[in-house]
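Asks: Have a look at this one.
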Amino acid sequence: MNEPAALELRDVVKRFGEVTAVDHVSFTVGASEFFSLLGPSGCGKTTTLRMLAGFEIPTEGQVLIQGNDASRLPPYRRDTNLVFQSYALFPHMTVAQNVAFGPERKKLSKDEVRTRVGEALDAVRLQGYADRTPRELSGGQQQRVALARALANRPAVLLLDEPLGALDLKLREEMQFELKRIQREVGISFVYVTHDQGEAITMSDRIAVMHDGRIEHLGTPEEIYLRPASVFVAGFIGQASLIPVTVEAREGDAWAVMLPGKGRATVAGASPDTVPGAPGVLVLRPEHLQLSAEGGPNGRAGMAVRVLEETFQGSVVRYLVEGPDAAKLSVVTPLDRRLPEGSSQRQAWVSWDERWSYLLPA
Amino acid sequence: MAVASARAEARAAAKVSGRVAAYALPPSIWLLVLFGGPLALLLWMSFQLRSITGATGYTLDNYATIFTDPTYLKVMWNTVLICTVSMAVMLIVAVPIAYLLAFRVRPRYELLLLLMFVMAGELNPLIRIYAWRIMLGREGVVNSVLQAVGVIDAPIDALLFTRLSVVIVLATTYIPYTTIPIYAALKAVEPDLLEAANDLGSRLTTTFRKLLLPLAAPGIFVAIIIVYIPMFSEFATPALVGGTSGYMIGNAIQEQVLEAGNWGIGAAMSFMLLTLSVVVAFLGYRGAKIRRLEASS
């Protein structure tokens, strides 16, 4: 572990006039790690990426690339390459000329440039397209050219700015696996900016969830999904049902809480900041909730609810239900456990396995 | 059914084209009479000797004279040199200005600067030329300032009534018309492309050569068409600031026609100028068209 990290941000701040776009952000990206910056628009993820690429200079803090301070290096002197959301392909050059642009700037020999162009086009599976111009290609192919052009430079870190944003859904899903395969094959660290939590969860080794210029949670996709660090993260990642509760007492590793409607439940996992007696939020995932027409306490945590809406979604049915104190929950049920017809507006019982619930301070 | 509707369509098309022809007729006649007529007359005159005092029969003497007489050859060389140097100077200045306007100036100042630039070109030509005489003369602003600062001891005479002064005045006159088409071409370039080039290891100088110049090329060719050609027929500027060394074809034509009464030579030179313009326009058009096809996405 003496090898320096591919990339490190140390307490980086970026202000534009009065506005703080990035507020004391620190993280490290390991060699050949797939790292995502995830957050809603305006959260500072793109500004962070632009500081990594060199298009913005941090107001405070440092950017280290392979252990060397690169905070003030211009983009053309950095060992990073960026895949633009707009692809930014050079329209007057062929695919091969586009891909060769980086290696040619490094003053490599003609043979070496040709080798790199060939390898990069191989990696993105566009071997036969070298002599086309960008406008003769589909959106997905242009996206691959943009990727090949950045890879041909063999950067220490590849930066990707919502590269799949302009593609349609099916192509986007294909490209997620493609990107992951390419990243494994070339072994370069990827820093991937996206607002799409599904994309981030599918591809990333680790995710930094950003909000208002800060990192709210940095962890593996599983940690972020199952043990979110804040209510914002819980709400942003996947569908979450958030139930306001009152924290009562610690019981070993678990916590006892009071649900709306005075029911009681035990919660297996809790944020380290949980305090007894304080208001808390119970985080439940729709697929961990179970809905039954009759019911009552059945040894599992649960509460009485009213069914508001039923939505058929193909393989599953999604219910919107309302508990006491107007707490709304989303429940996803396989078709074979669907409620009997005409259940809308009826009373039902929702229950969950306490191992899949997580407690956060409100 | 299909045949009937096809016939109806053909009739409708004929009706439309008939109407277009009707609209086009008056301006066509106008052009033919007022532009084509004099042009034909000029062509006829270029093959006549002293045609003002009566026809002398067809001859190629006028063309032979302007292509062999050293005086005329020198004037032609002078004209090409002055126009080409002016054009080159303008392109060297216009491309960076267009780049700055298109990419570097804050959007809210962009239009204002562009407008100021155009307004400067709308100044009355005579006033502008006389202003330059005041600037460049022996006692002019440039010489006075240089002397006051101590850069020179005696005034530089070469500033006025030389080819240099014609180049300076022409270049400053036509610079807006050179810059604007280039600016328009660059404005169509995604700013992301410049960042991508920078990101891939290209400094600004390389980006200019590899990216901005090829993408600005359609604008550069348009600028050449609308600036290089009109400069060839300039006569006011060389007459007022050119002196004897900055003498151009326009002045020679004026002198032959108005002072020497030699319409044949004047007409021949006008035709030679027209041919040159058509050639430059064609090359510029070809260049702009090819480049546009390559650069558009």
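Read the figures in this text as sums done on the coordinates, not as results from a lab. All figures in this text were calculated on a predicted structure; none of them were measured in a lab. So basically every Cβ, Gly included, is an ideal-geometry build from the backbone, and we count neighbours across all protein chains shown.
Asks: Is there a simple number for the mean count of other chain Cβ atoms within 10 Å of the Cβ of residues in B:186-196, and what is it?
Replies: Numbers: counts 0, 0, 1, 2, 6, 2, 8, 8, 1, 9, 16.
Taking the mean over all residues of the peptide, I get 5.
Asks: Let a ≥ b ≥ c be the square roots of the eigenvalues of the Cα gyration tensor of the protein assembly as shown; is it rounded (a/c under 1.5), or, if not, prolate (a/b larger than b/c) or oblate? Can you show the working numbers first?
Replies: On the way: a/c = 3.14, a/b = 2.27, b/c = 1.38.
Because a/c hits 1.5 or more and a/b exceeds b/c, the protein assembly as shown counts as prolate.
Asks: A further question on this structure: Taking amide H positions as placed 1.01 Å from N in the peptide plane, with prolines and chain starts having none, which residues 5 or more places from A:G61, or on another chain, fall under 5 Å of its amide H?
Replies: A:V13
Asks: Ok, one more. Quick one: what are the phi-derived ³J(HN,Hα) couplings along the range B:75-92, Karplus 6.51/-1.76/1.60 with θ = phi - 60°, whole Hz, x for glycine and proline?
Replies: 4, 5, 4, 4, 5, 4, 4, 4, 5, 5, 5, 4, 4, 4, 4, 5, 5, 4
Asks: Can you grab the distance from the C-alpha centre of the range A:107-167 to the C-alpha centre of the range B:130-199, Å, no decimals?
Replies: Computed from Cα coordinates, the inter-centre distance equals 43 Å.
Asks: Filter the cross-link list A:K14/B:K187; A:K262/A:K328; A:K107/B:K187; A:K45/B:K210 down to pairs whose alpha-carbon distance in this structure exceeds 23 Å.
Replies: Numbers: A:K14/B:K187 29 Å; A:K262/A:K328 16 Å; A:K107/B:K187 30 Å; A:K45/B:K210 31 Å.
Check vs 23 Å cut-off fails for A:K14/B:K187; A:K107/B:K187; A:K45/B:K210.
Asks: With an 8 Å Cα cut-off and a minimum separation of 6 or more residues, compute the relative contact order for chain B in percent.
Replies: On the way: 310 pairs, mean separation 74.2, N = 297.
It comes to 25 percent, rounded to a whole number.
Asks: Then there's this: Starting at the first residue of the range B:36-41, write each ³J(HN,Hα) from the Karplus equation 6.51 cos²θ - 1.76 cosθ + 1.60 with θ = phi - 60°, in whole Hz, x for Gly and Pro.
Replies: x, x, x, 5, 4, 4
Asks: Out of all DSSP beta bridges in the protein assembly as shown, what portion is antiparallel? Express it as a percent rounded to 5. Each step should come with its number before you reach the end.
Replies: On the way: 61 of 81 bridges.
Of all bridge pairs located within the protein assembly as shown, approximately 75 percent are antiparallel.
Asks: Which of the lysines could a cross-linker bridge to A:K180, judged by Cα under 17 Å and excluding same-chain residues fewer than eight apart?
Replies: Straight-line reach from A:K180, under 17 Å: A:K170.
Asks: Here's a follow-up. Across the range B:280-287, in residue order, what do the Karplus-derived ³J(HN,Hα) couplings come to in whole Hz, using 6.51 cos²θ - 1.76 cosθ + 1.60 with θ = phi - 60° and x for Gly and Pro?
Replies: 4, 4, 5, 4, x, 5, 4, x
Asks: In percent, what relative contact order does the range A:206-350 have, based on Cα pairs under 8 Å that are 6 or more apart in sequence?
Replies: 20 percent
Asks: Using a 7 Å offset from Cα along Cα-Cβ at B:R106, what residues in the range A:12-36 end up with backbone N under 20 Å from the label point?
Replies: Under 20 Å, as judged by backbone N against the label point of B:R106, lie A:15-21 of the range A:12-36.
Asks: When the helix-only estimate is applied to chain B (DSSP H runs of n ≥ 4, each -39,500 (n - 2.57), divided by the residue count), what is the mean residue ellipticity at 222 nm, nearest 500 deg cm²/dmol? Show your work: numbers first, answer last.
Replies: On the way: 14 runs with 206 residues, N = 297.
After summing the helix terms and dividing by residue count, I get -22500 deg cm²/dmol.
Asks: Order A:190-196, A:113-119 from most to least packed using the mean count of other Cβ atoms within 10 Å.
Replies: Ranked from most to least packed, the peptides come out as A:190-196, A:113-119.
Asks: Let me ask something additional. Within a 10 angstrom radius of each residue's Cβ in A:84-95, how many Cβ atoms of other chains show up on average? Whole number is fine.
Replies: Working: counts 6, 1, 6, 4, 10, 5, 11, 11, 12, 4, 0, 0.
So the per-residue partner count for this stretch is 6.
Asks: Defining a contact as two alpha carbons under 8 Å apart and six or more residues distant in sequence, what relative contact order in percent does chain A show?
Replies: Details: 803 pairs, mean separation 55.9, N = 362.
15 percent.
Asks: Give me the inter-chain shielding for B:209-218: mean count of other chain Cβ atoms within 10 Å, whole number please. If you can, show how the numbers build up before the last one.
Replies: On the way: counts 0, 7, 5, 0, 0, 4, 3, 0, 1, 0.
The shielding value for this peptide is 2.
Asks: List every residue whose amide H lies under 5 Å from the amide H of A:G269, counting only residues 5 or more places away in sequence or on a different chain, with H placed 1.01 Å from N in the peptide plane.
Replies: The answer is A:S357, A:L359.
Asks: Would the range A:239-361 count as rounded, prolate or oblate if I go by the C-alpha gyration tensor, calling it rounded below 1.5 in a/c and otherwise prolate when a/b exceeds b/c, oblate otherwise?
Replies: Details: a/c = 2.16, a/b = 1.92, b/c = 1.13.
Judged from the Cα gyration tensor, the range A:239-361 comes out prolate (a/c at least 1.5, a/b above b/c).
Asks: Sorting check: for B:15-26, A:21-32, B:157-168, which peptide has the highest mean count of neighbouring beta carbons within 10 Å, and how do the rest follow? Display every interim value, and only then the final one.
Replies: Working: B:15-26: 9.8, A:21-32: 18.4, B:157-168: 20.6.
Descending packing order for the listed peptides: B:157-168, A:21-32, B:15-26.
Asks: Sorted by average packing, counted as other Cβ atoms within 10 angstrom per residue and highest first, what order do B:253-263, B:121-131 take? Kindly include the intermediate steps, with their values, before the conclusion.
Replies: On the way: B:253-263: 16.3, B:121-131: 12.9.
Going by the mean number of other Cβ atoms within 10 Å, highest first, we get B:253-263, B:121-131.
Asks: Could you tell me which residue out of A:P155, A:Q143, A:L108 lies farthest along the dipole of the range A:96-163 toward its positive end? Charges go on the beta carbon: Lys and Arg +1, Asp and Glu -1, centred on the Cα centre.
Replies: Projecting each Cα onto the dipole axis, the largest value belongs to A:L108.
Asks: Also, quick follow-up: Rounded, prolate or oblate: which fits chain B, taking a ≥ b ≥ c as square roots of the Cα gyration tensor eigenvalues, rounded meaning a/c under 1.5, else prolate when a/b beats b/c?
Replies: Numbers: a/c = 2.22, a/b = 1.04, b/c = 2.13.
It is oblate, given that a/c is not under 1.5 and a/b is not larger than b/c.
Asks: Further, regarding this structure: Going by amide H atoms built from the backbone, whose H comes under 5 Å of the H on A:G280, apart from near neighbours?
Replies: Amide H to amide H, under 5 Å and 5 or more residues apart or across chains, A:G280 pairs with A:V245, A:T246, A:V247, A:A362.
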